[in-house]
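Have a look at the structure below, then the notes.
The values are calculated or read from the model by the stated rules, or taken from the named source; none is laboratory data. Keep in mind that this is a model prediction, so the values were computed, not measured. Neighbour counts are summed over all protein chains in view; Cβ atoms, including those assigned to glycine, are modelled from backbone coordinates with ideal geometry.
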Amino acid sequence: MTTILVVEDEPKIAQFARDYLEHAGFRVVTAGDGRFALKAVARERPELIVLDLRLPDMDGLDVARALRKDSTVPIIMLTARGEESDKLIGLELGADDYMTKPFSPKELVARARAVLRRWALARTGGETVRVGDLVVDRSRLRASVGDRPVDLTPTEFQLVAALAGSPGRVFTRAQLLDALHGVAFESYERAIDAHIKNIRRKLEPDPRRPRYLLTVYGVGYRLAEP
Ligand code: CA
């Protein structure tokens, strides 16, 4: 059974999320603060985390930062209206999707399924692509540069896997959003730039002079040809 950790200090919202997710067939663990959430992640090994940004001790962004040190588990952030800057920071920290409160529990279930499906699809994508020292192994969901493995979040891997599907081909931001199955971030094309920036920091020898993930000005991005 797939385990989802819901991190939310408001008991009503946590309960409501739990009820719907359990009804949809997931096993749900809840945590009311950041410290407890990090312990729950270590103990329960959830496949997905639903993370509220406003928490009593560490805020959600600190929790995401701590998680990303050694985990690529998918994260759906819960934000309040008007927290635009938090949303961007969250995406930069490697969150996979976000929902603005108040949200419908049905939508939460749909997003959870979409993020998990995206992760599973990335896993079954097949073949290995090599460009210079960069190796993207789409079946084992791994990327490496030389002998150094690169830790990508599910969304980051999905973007790299999409670009690696046709090295040299130019992808617009809208096409890259489509590659994320059109569910995350809707028309939020700037999110692509935030992800690309993170990916470059992880895999480019010099992120300011990218060798692999190339910008096509005014259009989008492409992976260098082998
Ligand atoms: Ca809260």
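With the structure loaded, tell me whether Pro149 is outside the structural domain of Ile196 (by TED's automatic domain parsing), free of Cβ contacts under 8 Å to residues at least 40 places away in the same chain and not in a helix (DSSP H, G or I) or whether it fails that test.
no
Take the residues in segment 187-226 that are among the polar types (S, T, N, Q) and not in a strand (DSSP E or B); name whichever of them is nearest to the chain's Cα centre (by Cα).
Only one residue fits best here, namely Asn198.
Please enumerate the residues belonging to segment 39-96 that are more than 16 Å from the chain's Cα centre (by Cα), at pLDDT below 85 and over 14 Å from Glu8 (Cα atoms).
Arg81, Gly82, Glu83, Glu84, Ser85
Since Arg138 meets every condition but one in (1) crowded, with 17+ Cβ neighbours inside 10 Å; (2) under 30 Å from Glu10 (Cα atoms), which condition does it not meet?
(2)
Could you tell me which residue of segment 39-69 is surrounded by the most Cβ atoms within 10 Å (Cβ to Cβ), considering only residues that are hydrophobic (A, V, I, L, M, F, W, C) and within 11 Å of the ligand (Cβ to nearest atom)? Steps first, please.
Taking segment 39-69 as the starting set, the residues that turn out to be hydrophobic (A, V, I, L, M, F, W, C) are 40-42, 48-51, 53, 55, 58, 61, 63-64, 66-67.
Now drop any that are not within 11 Å of the ligand (Cβ to nearest atom), which leaves 51, 53, 55.
Numbers: Leu51: 26, Leu53: 23, Leu55: 23.
Once the filter is applied, the top-ranked residue is Leu51.
Kindly provide the set of residues from segment 13-25 that are free of Cβ contacts under 8 Å to residues at least 60 places away in the same chain and either among the acidic types (Asp, Glu) or within 11 Å of the ligand (Cβ to nearest atom) (or both), ordered by number.
Ala14, Glu22, listed by residue number.
Exactly one of (1) under 15 Å from Ile13 (Cα atoms); (2) in contact (Cβ under 8 Å) with a residue 24 or more places away in the chain; (3) of a type outside the set (Asp, Glu) is unmet by Pro102. Its number?
So Pro102 meets the others, but not (2).
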